[in-house]
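The values are calculated or read from the model by the stated rules, or taken from the named source; none is laboratory data. Just so we're clear, the structure is a prediction, and the values are computed from it rather than from any experiment. Using ideal geometry, Cβ is built from the backbone for each residue, glycine included, and neighbour counts are taken over all protein chains shown.
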Amino acid sequence: MIKDVIIHVEHKGEQMADRNSTHSLLRERIVEHVFVGDVLRLLWRRGVTDVEVLRSEFDNHGYDLVMARGRIVRHLQLKTGTSPRPTDVSVSLALGTKPSGCVLWIHVNDNLDMGPFFWFGGSPGQALPSIETLKIPKRATHNKSGIRPERPNHRLVPPNRFTRLETLDEVLNKLFGEFPS
């Protein structure tokens, strides 16, 4: 009986690992929707209703979401992962051309609970810190010649450039600055 339980648990772990890799796009969409909902709910509780959220139809300019409040406009690249902290993160150079561009790497568990968060960006109203001199990543997939070509319009941001944030409140403060209590 105990042996059957152990096999079942190991099999479930394999299913979770497989689901995270084979359905990573679905996972990212779910996290994006939950993130937006949680941010808007937290702002609502603070009495903030003047926030705009715009979604990019496709990730061609380095961002997934645009969030704006007053004069602060954030072009936000969301990344997700199941590891405890990010490894090198591929970021589009185009994000650096946007006002207040930033990257938020979100740790998710198997239940898609979010946190901690890892932030790379400037203060509200400030541009993304320069990434132009960072290492050029290779494409994740091979071309028909079996080669993984470089992605010249992207750079690998190392984990030490990210700031760990424990709560969504901290994320909101990075996005828009301190809110009155």
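Structure summary
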| item | result |
| --- | --- |
| First in the stretch 100-123 and under 19 Å from residue 71 (Cα atoms), second anywhere and modelled with pLDDT of 95 or more and of a type in the set (Lys, Arg), Cβ under 7 Å, 6 or more apart | 100/74; 102/74; 121/174 |
| Matching residues, the stretch 115-131, being surrounded by 13 or more Cβ atoms within 10 Å (Cβ to Cβ), outside any strand (DSSP E or B) and among the small types (Gly, Ala, Ser) | 122, 125, 127 |
| Flag if residue 109 is at pLDDT below 90 and over 12 Å from the mean Cα position of the chain (by Cα) | no |
| Residue 170 closer than 30 Å to residue 50 by Cβ and among the acidic types (Asp, Glu) | yes |
| Contacts under 8 angstrom Cβ, first residue in the stretch 138-153 being free of Cβ contacts under 8 Å to residues at least 60 places away in the same chain and of a type outside the set (A, V, I, L, M), partner loosely packed, with under 10 Cβ neighbours inside 10 Å and in a loop (DSSP other than H, G, I, E, B), 6 or more apart | 148/140; 148/141; 149/143 |
| Set 112, 134: member being in a loop (DSSP other than H, G, I, E, B) and on the phi > 0 side of the Ramachandran plot | 112 |
| Total residues in the stretch 165-181, condition surrounded by 13 or more Cβ atoms within 10 Å (Cβ to Cβ) and either touching a Phe, Trp or Tyr at 6+ places or on another chain (Cβ under 6 Å) or without any contact (Cβ under 8 Å) to a residue 12 or more places away in the chain (or both) | 4 |
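Matching residues to (1) among the aliphatic types (A, V, I, L, M); (2) closer than 20 Å to residue 128 by Cβ; (3) in contact with a Ser or Thr (Cβ under 6 Å, 6 or more places away or on another chain):
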| position | (1), (2), (3) |
| --- | --- |
| 35 | no, yes, no |
| 38 | no, no, no |
| 43 | yes, no, no |
| 57 | no, no, no |
| 83 | no, no, no |
| 87 | no, yes, no |
